[in-house]
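Step one of this worksheet: look at the structure below.
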Amino acid sequence: MGALQQVVDGLSAGSIYAALALALVLVHRATGVVNFAQGEMGVLMAYVAWSLTSAGVPVLVAVLAAMALSFPLGVATERFLIRRFHGQDGLVIVVVTVGLLILLNGIVGAIWGYVSKPFPSLFPNEVIRLGGVAVTVEQIGNLVVLLAVVAGLQIIFLRTRFGLSLRAVADNRESSALSGLAVNRLLMAGWGMAAALGTLAACLIAPKIFLDPSMMNAVLVYSLAAAVLGGLDSPVGAVVAALVIGVAENIAGAYIDIIGTDLKIAVPLLLMVVVLLGRPQGIFGRREVVRV
Amino acid sequence: MSLLELRGVHASYSDGGQVLHGVDLTVQEGGVTALLGANGAGKTSTLRAVSGMLRRGGSLRFDGREITSLRTDEIARLGIAHVPQGRGTLTGLSALDNLRVGSARRRDRREVERDLERCLNLFPRLRQRLGSTAGNLSGGEQQMLAIARALMSRPRLLLLDEPSLGLAPKITVEVFEAIAGLRAEWSLAIVIVEQNADLALGMAQQAVVLESGRVAIAGTAAALAGNDDVRQAYLGG
């Protein structure tokens, strides 16, 4: 039964990694950028949600409001920062997003301080026992929220005109513009949606690890590993990989003595190295074909 | 009435290299205009200037409206569909999704479904490939898909950049037969850039020969086709 418990705990952690990994994939598909500041943008907005709850706003409303406010933050980031570097070397954009990560981290610290703050959970603090496995409502809640997000994204991408347009722009900007799609606005929308997802991830993990300006750094490592493992352009791949990573790190932490809780973070990285050695495009990714 | 009118159009790449040096060009409503000339004469650049993909100056008017300062997507929405060289297929999307992207800005659902059917009748090969990833289609099928995607936007002007490029002769004939039938079926004007001058002149009413970013000769297709000096000088015999 101990192993099953680890699986349940792992799925719960994995669903949070998955939310941020989805945000990374959304941005990468649309603009070819890996946004290292994705988690930190979520931290900033999670602090906004915290301020709202401190002012008496119910936590669900506060989180939804923070997600809604994240949208213009993502839009502005694309419009005023990322677009300036379009067409530049990939390394330049990496430095830009890492710089944004550090900048936002400092801003959050300057406004709210560096002392950890408790963040109210979206879910009641109850434990359900299912045949020897203790499952908290929060764990179930995290997984349900993630599955709802994935289902929602699939519907948007596969069933709506807006989603079709987003996919088209991600595939070929020039052809999309020639078909009359407002490419710039769609790129901004992609960044806005990703920012909202990053905020959701931060608000889901905050009750567990407390609000802290650097709280998403470790999550970012897991989510990046998941996004890369799954293939940076595959939302489904990112989610599957994130759940696998969540479970793998818990099981390895519990059963492999040398790993324990301290070396857990090495597990996704090890997985990543092993997979990339065999499949550079990730498990679900498409091999990029360059035609001359 | 003239549908597209270029006056003294010059254009350059973002790195500053100038490719058009004052092009004057008129495209009549409902006609086919062949754009001819040697490699590097400015044929593709002329189309790209119309679609706003190059930095450009001078005057470009579509249907009487100045489009010189508009963005590519705005120009497309006015009714200019451009099938670029190399087809511009959305390779990661299914063939059907490619066609849906073409009609993404339209709101007349019933007409869209009717146009989809017309496209599939025009290119019957596409019907079996609708569910396939567009990148897996053959070159000929991708060219047909690109033209069909352009048609799905119900354009008034269709710009075709070397539709025969890289196609087997048999497929080229198939594609050109379809293009020749477009004008009547879809009531649109066509500007076609083509290396194979005979192929282009065979279906065009008007023809323009470009040389070094300027118009060298313009006239009816029949006159240009029948003029041996022109053929010698510009059209490779």
Query - Rounded tilt (10° steps) of A:235-255 against the dominant C-alpha axis of chain A - result: 30
Query raised in the report: So how exposed is B:Ser51, as accessible area in Å² (1.4 Å probe, rounded to 10)?
Result: 0
Query raised in the report: In what order, largest first, do A:Phe284, B:Phe123 sit by accessible area if the probe radius is 1.4 Å?
Result: A:Phe284, B:Phe123
Query raised in the report: Okay, which of region B:181-205 sit inside 19 Å, backbone N to the point 7 Å along the Cα-Cβ direction of B:Asp228?
Result: B:198
Query - Distance between modelled label sites at A:Val274 and B:Ser138, nm, 7 Å Cα→Cβ extension - result: 4.4
Report summary line: For region B:91-154, dividing by residue count, accessible area per residue (probe 1.4 Å) in Å² works out to 43
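Using R₀ = 51 Å, calculate the FRET efficiency as 1/(1 + (r/R₀)^6) where r is the Cβ-Cβ separation of B:Asn121 and A:Leu81; round to 0.05. Intermediate results must be reported in sequence, preceding the final value.
Numbers: r = 48 Å, r/R0 = 0.94.
Approximately 0.60, to the nearest 0.05.
Using only C-alpha positions, report the orientation-averaged shadow area of the convex hull of region A:3-215, nm², one decimal. Don't skip to the answer; put the middle values down first.
Details: hull surface 52.5 nm².
Value for region A:3-215: 13.1 nm².
What does the charge count around B:Leu182 come to, taking other residues whose C-beta lies under 13 Å from its C-beta (Lys +1, Arg +1, Asp -1, Glu -1)?
Numbers: positive: B:Arg118, B:Arg154, B:Arg156, B:Arg183; negative: B:Asp115, B:Glu177, B:Glu185.
Around B:Leu182, the charge tally is +1.
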Query - Label point at A:Ile111 placed 7 Å out along Cα→Cβ; residues across region A:26-46 whose backbone nitrogen lies under 14 Å - result: A:40-46
Query raised in the report: Of the heavy-atom accessible surface of the protein assembly as shown (probe 1.4 angstrom), what whole percent is carbon and sulfur?
Result: 59
Report task. Taking H placed 1.01 Å from N in the peptide plane, check which residues at least 5 places from A:Ile283 or on another chain put their amide H under 5 Å from its amide H. Result -> A:Gly230, A:Gly231
Requested in this report: Would you look at the GNM of chain A, springs on alpha carbons closer than 10 Å, and say which of A:Gly32, A:Gly56, A:Gly198 moves the most?
Outcome: A:Gly56
Query - Principal axes of region B:91-154: Cα extent on each, largest first, Å - result: 31, 22, 16
**Report entry** Three principal axis lengths of the protein assembly as shown [C-alpha, angstrom, descending]
**Finding:** 90, 46, 43
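Calculate, for chain A, the solvent-accessible area per residue in square angstrom, rolling a 1.4 angstrom probe over the heavy atoms of the protein chains.
Numbers: 12940 Å² over 292 residues.
For chain A, the solvent-accessible area averages 44 Å² per residue.
Rounded to a whole number, what is D in µm²/s for chain B from Stokes-Einstein with the Kirkwood radius over alpha-carbon pairs (37 °C, 0.692 mPa s)?
So the translational diffusion coefficient is about 182 µm²/s.
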Report summary line: On protein heavy atoms with a 1.4 Å probe, the accessible surface that disappears when A meets B, both sides summed and given to 100 Å², is 1900
Requested in this report: For region A:97-198, build the convex hull from the C-alpha positions and give me its volume per residue in Å³.
Outcome: 171
Query raised in the report: How many percent of DSSP beta bridges within the protein assembly as shown run antiparallel, rounded to 5?
Result: 60
Requested in this report: Work out the FRET efficiency for A:Val137 and B:Asp15 from their Cβ-Cβ distance, taking R0 = 51 Å, and round it to the nearest 0.05.
Outcome: 0.30
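The values are calculated or read from the model by the stated rules, or taken from the named source; none is laboratory data. Remember, predicted model here, so these are calculated numbers, not experimental data. Here Cβ is always computed from backbone atoms with ideal geometry, including for glycine, and neighbour counts include all displayed protein chains. Ligands, DNA and RNA are stripped out before the accessible areas are found, and what is left, the full protein with its side chains, is counted by its heavy atoms. Shrake-Rupley method; radii C 1.70, N 1.55, O 1.52, S 1.80 Å.
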